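The values are calculated or read from the model by the stated rules, or taken from the named source; none is laboratory data. Everything numeric here is computed off the predicted structure, so don't read it as measured data. Neighbour counts run over all protein chains shown; Cβ positions are idealised from the backbone, glycine included. We work out accessible area using only protein heavy atoms, side chains counted, and drop any ligands, DNA or RNA first. Shrake-Rupley method; radii C 1.70, N 1.55, O 1.52, S 1.80 Å.
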Amino acid sequence: MTTSPTTRALLPAAATVLLAAALTACGGTSGGSADANASASASQSPVADKLADDPVTAVRNAADITGRTGSAQAATQLTTESADKKAAFTGTGAYDYVKRIGRIEVQVPPGAATTGKVVEVVEPGIVFLQNSGAKVPAGKWVELDVRQLADGNLISNGATDPATAAGALRGVQQASVVGDETLDGVPLKHYKGTLDLSKAADATGGQGANGLRMAASTFTVKDVPFEAWLDSEGRLHKVTEIFTFAGVAGSKDPKDQVKVTSTVALSAFGQPVQVSEPPAADVVEMKDSSASPK
């Protein structure tokens, strides 16, 4: 995949796909409840569907417990900040934990290289993109292995999918209780701490771990800060994770670091959702690397 200067990613006019290309320039060699072992986990996991007393255990268990709800509606928000540049992306969609597939429609900031919305269909290790800014006819899709994206698609297309956001919590290393809060009328326990994406990938396994491993090798802050809100059953209702990468390839200078704050909120657990792969006839094969989204 060809690269573009990383600093292009955080210009106000940057589209989500520009962020993808920029992250590729950072180098480096997705998961969650929808990993390759999800089916077995759903029926055989020893994790009880209740909130554990120990904060680290409670947050680590959230991915498996949430996955056993069957499905969820999702709202996403992703904000990128670098020096005096800032861009915000919002999205809505749904995730089917049984079929291990989700769809997110991301609103692109005004003035971006692409207009309208970028649509993502995500599966373990794969993302389909529509209106990605690639040289693809209108209405068609491109398919990417998340290993083609330096961040593993955690943030590169404007949203962190629900399965990956939850899966990252499997790598929690430190957690504490902030307090009790109510969101949308639901009593929740609020936690904060740090997580390790490499350890999250190990705990996730299968193709769902690919994105987490890519991100672990790209992001410059290895102790990823997070906040999570869980209900009495241990289900994840909201998670915020803060990722950092070098806006100037190889630089460790604080002024060159890009901070990305990703938030995923989940609701309507277990309600039927309709998500499927794009028709094969509508998926365009990349002719060469220069046609990669950028």
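Values as computed for the structure displayed
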item: Subset of the stretch 178-209 (residues that are among the polar types (S, T, N, Q) and surrounded by fewer than 24 Cβ atoms within 10 Å (Cβ to Cβ)); result: Thr182, Thr194, Ser198, Gln207
item: Failed item, numbered, when Ala138 is tested on (1) open to solvent by 50 Å² or more (accessible area, probe 1.4 Å); (2) part of a loop (DSSP other than H, G, I, E, B); (3) in contact with a strand residue (DSSP E or B) (Cβ under 8 Å, 6 or more places away or on another chain); result: (3)
item: Residue match in the stretch 127-141 (condition: more than 24 Å from Val98 (Cα to Cα), out of contact with any Pro (no Cβ under 6 Å at 6 or more places or on another chain) and β-branched (Val, Ile, Thr)); result: yes
item: Unique residue being of a type in the set (A, V, I, L, M, F, W, C), under 30 Å from Arg60 (Cα atoms) and under 16 Å from the mean Cα position of the chain (by Cα) when the list is Val264, Val221; result: Val264
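Rundown of residues vs (1) crowded, with 19+ Cβ neighbours inside 10 Å; (2) out of contact with any helix residue (DSSP H, G or I) (no Cβ under 8 Å at 6 or more places or on another chain); (3) modelled with pLDDT of 65 or more; (4) under 25 Å from Val248 (Cα atoms), yes/no style:
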| residue | (1), (2), (3), (4) |
| --- | --- |
| Thr2 | no, no, no, yes |
| Ala25 | yes, no, no, yes |
| Ala40 | no, yes, no, no |
| Ser45 | no, no, no, no |
| Asp49 | no, no, yes, no |
| Asp64 | yes, no, yes, no |
| Arg68 | yes, no, yes, no |
| Thr80 | yes, no, yes, yes |
| Lys85 | no, no, yes, yes |
